[in-house]
Amino acid sequence: MLVIKALEESSHVCVMLTGDAPLTALSVAQEVGIAQHAPEKALILNVTESGGLEWCPAVTSSGSTSPGKVFEPLELEELSKAHDLIFTGKSLEEALRSSDSVCQHLHAARIFARLSPSQKELIINSVRASQNVYALMCGDGGNDVGALKEADVGLALLSGFGAINAGDSKPKDEVQDAEKALQDQREEGAVKAKESSKKAQEEFARKKADLMSKQQQWVEEEMAARRERGEDTGMMGQFSAMKTVMGRLKDEIQKEQAEIQKKHGNAFAAGAAKWAGELEGMEETPMVQPGDASTAAPFTTRAASIGACVDTIRQGRCTLLSAVQQMQIMMLESMIAAYTMSTMTVDGTRPSEAQMMASGTLLSVASIAFSFARPVDRMHRVRPLSSVFHPSLFISMIGQLAIHLGCMVYIASLAKVVMGPEEVQAVIDFEKERDKHIAGLDESTFDDWNWFMSVPFRPNLLNTCCWLVESSQQISVMFVNYKGRPWMKGLLENQPLFLSLFGCIALVGVCAWGLVPQLNELLGLLIVPAELRLTVMATLSVSLIGSFVWDRLMCAIFAPHIFRVAIEEAKATKIGDFAPLLTTIGYIVGGVAVLYIGNPLVLGGIWWIWRKRKQQQAAATVATS
């Protein structure tokens, strides 16, 4: 019942498709919460003797012969507001033959009984075609295979667990928060499953020890039997007897484990602890029988409960949103990188190997951190956008690209003005001679792990500004296009992504101001002149803020329902939500401080790298002079 209520709270309609009798189906639907009204108000569609269709009470008192209500397809939705409507397989086929409009209103019925496998498949296809909705089908047997394959999402359940999905302690109307109650129920079930599994392990250990104690007796019995048959009882005969006894022991242990698995099947199927530690060396271990439905369903849950529907929807939405966002980010970053490379190449410069490795490494860390996205604990009534070509996303990408490229063109032109024609020409001349410089390097230079530091490179303002702008824009692309809640964890909750992005931002600021000259020297970057520094940082801010505002504006215009949800989630953010992130930052800063201040080996390593770098620079200067 908690699962049904949780699905209904997130605007998912739950329908029952079964081959059972109508009254049995109604009873189960009442127990699990699919039925919306009292049993006395349930109506079943019957086929009259004349071949017509009429609604009759599903539960009738003895001797009642009141005439039924004539079936009208257009009245289905209105009738469902006061009654639970029940279709049988026979009446459904008659209704579909009588009118084409039945499909348009078939979703109003909640209970379908006495269905054949093909009729279950027919219902799913009819509702999907008429309502333009998606279908998730649960089943545990071979009669559900057709419907599972036709549904958009097929979920196979374990079979043979009775009313595991029914019997909640509270009535449906008394449950205030179905998903929280469902989580509490799962935790309680996990505790019980663990206790049951522990008992199963102890019982198995006792029976296994009892069987092992009989091993010597079985060997003696086998040797006596061999003597009676006149077979060899010498050394080879004893080995043969031992082999026979071990086979018998293995069979007996497997028989006992099968009995225990049957006895404690629920705990095992719910994911309780395995018996692998007790069965080392055995060729076969207890396996959960997934049921016939698993042959056709793309998803199979080991828990014999429809509660997996909630998990499937939450995880599916998280996966969908993550895939769409990664496509956006990949497209934008690729276009920004390509344009930056072409801009510098046209003006005779290029990024250094160290720059490309630094930016690539940092953004790779952020990309890996993106994969830490996890679904939220609750479903939401609003569904995420499912295509990158939705106007909200596609027009947003075009606008973001225009903003980023406009900022890049402005900064590149400004840097060339500050450099002056003579410096620009000097860079062009150096790049023309660069291949000769590389050819003049000793081959042993390329054997070192840091060979790329020996490649000749002329730092210049155009290269510095373009690299800073490109790095910041790629950061802003991730920052703007990562939209977490209410479908997956937000940016504050994805700490690896948050820290990696702001680490990149800090690197750009440090390099622009030249706070660590050795870092600028290592990357081949100049310190941005004071008259240009604020302009560069302002342009970077415009690139970030402008793309953010444009993206949210397109969302508000073309997907207002998504925009309203984003506003609600932003308002729900509290100061306490920053606490885990600040704690992590504190641990990182403290660890780095202890490592840097208290470990002389680190200081020695930094000094050695700096000295090695100076020696390589001196050698390169001598080689080029």
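The values are calculated or read from the model by the stated rules, or taken from the named source; none is laboratory data. Only a predicted model underlies this, so the values are computations on that prediction, with no experimental measurement involved. Cβ placement follows ideal geometry from the backbone for every residue including glycine, while neighbour counts extend to all protein chains displayed.
So, of the residues in region 96-155 that are out of contact with any strand residue (DSSP E or B) (no Cβ under 7 Å at 6 or more places or on another chain) and basic (Lys, Arg), which turns out to be farthest from ALA82 (Cα to Cα)? Within region 96-155, the match that is farthest from ALA82 (Cα to Cα) is LYS149. Where in region 30-130 are there strands (runs of 3 or more DSSP E), lying fully within it, with 3 or more residues that are without any contact (Cβ under 8 Å) to a residue 40 or more places away in the chain and on the phi < 0 side of the Ramachandran plot? Output list reads 53-57.
Restricting the search to helices (runs of 4 or more DSSP H) fully inside region 452-534 and requiring at least 2 residues that are under 25 Å from LEU405 (Cβ atoms), touching a Leu at 6+ places or on another chain (Cβ under 9 Å) and in the same structural domain as HIS561 (by TED's automatic domain parsing) gives 461-481, 495-513. Screening SER322 against (1) in a loop (DSSP other than H, G, I, E, B); (2) under 30 Å from VAL15 (Cα atoms) leaves a single unmet condition, (1).
Residues that are in contact (Cβ under 8 Å) with a residue 60 or more places away in the chain and touching a Phe, Trp or Tyr at 6+ places or on another chain (Cβ under 7 Å) are absent from region 556-567. Among residues of region 1-15 that are under 17 Å from ASP84 (Cα atoms) and assigned to a loop (DSSP other than H, G, I, E, B), those with a beta-carbon under 7 Å from a residue that is among the charged types (D, E, K, R) and at pLDDT 65 or above at least six positions away or on a different chain give the pairs CYS14/GLU8; VAL15/ARG110. Consider ARG114 carefully, then state whether it is among the basic types (Lys, Arg), assigned by TED's automatic domain parsing to the domain that holds ALA35 and either touching a Ser or Thr at 6+ places or on another chain (Cβ under 7 Å) or under 19 Å from HIS12 (Cα atoms) (or both). Here the answer is yes, as ARG114 does meet what is asked. Scanning region 210-220 for residues that are of a type in the set (Asp, Glu) and within 19 Å of MET235 (Cβ to Cβ) turns up just one, GLU220.
From THR621, THR535, THR539, THR584, grab the single residue that is modelled with pLDDT under 85 and surrounded by 12 or more Cβ atoms within 10 Å (Cβ to Cβ). After ruling out the rest, the residue left standing is THR584.
For every residue, the table says whether it meets (1) closer than 30 Å to ASP152 by Cβ; (2) of a type outside the set (Asp, Glu); (3) modelled with pLDDT under 75; (4) crowded, with 19+ Cβ neighbours inside 10 Å.
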{"residue": "TRP218", "(1), (2), (3), (4)": "no, yes, no, no"}
{"residue": "ARG227", "(1), (2), (3), (4)": "no, yes, no, no"}
{"residue": "MET235", "(1), (2), (3), (4)": "no, yes, no, no"}
{"residue": "HIS264", "(1), (2), (3), (4)": "no, yes, yes, yes"}
{"residue": "ALA267", "(1), (2), (3), (4)": "no, yes, yes, yes"}
{"residue": "LEU279", "(1), (2), (3), (4)": "no, yes, yes, no"}
{"residue": "PRO298", "(1), (2), (3), (4)": "yes, yes, no, no"}
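The numbered conditions (1) more than 20 Å from SER392 (Cα to Cα); (2) touching a strand residue (DSSP E or B) at 6+ places or on another chain (Cβ under 7 Å) are all true for MET488 except (1). Among the residues of region 545-577, those identified as assigned to a helix (DSSP H, G or I) and aliphatic (A, V, I, L, M) are ILE545, VAL549, LEU553, MET554, ALA556, ILE557, ILE562, VAL565, ALA566, ILE567, ALA570, ILE575.
Take the residues in region 6-21 that are over 18 Å from VAL376 (Cβ atoms) and under 26 Å from the mean Cα position of the chain (by Cα); name whichever of them is modelled with the highest pLDDT. For region 6-21, the residue satisfying everything is CYS14.
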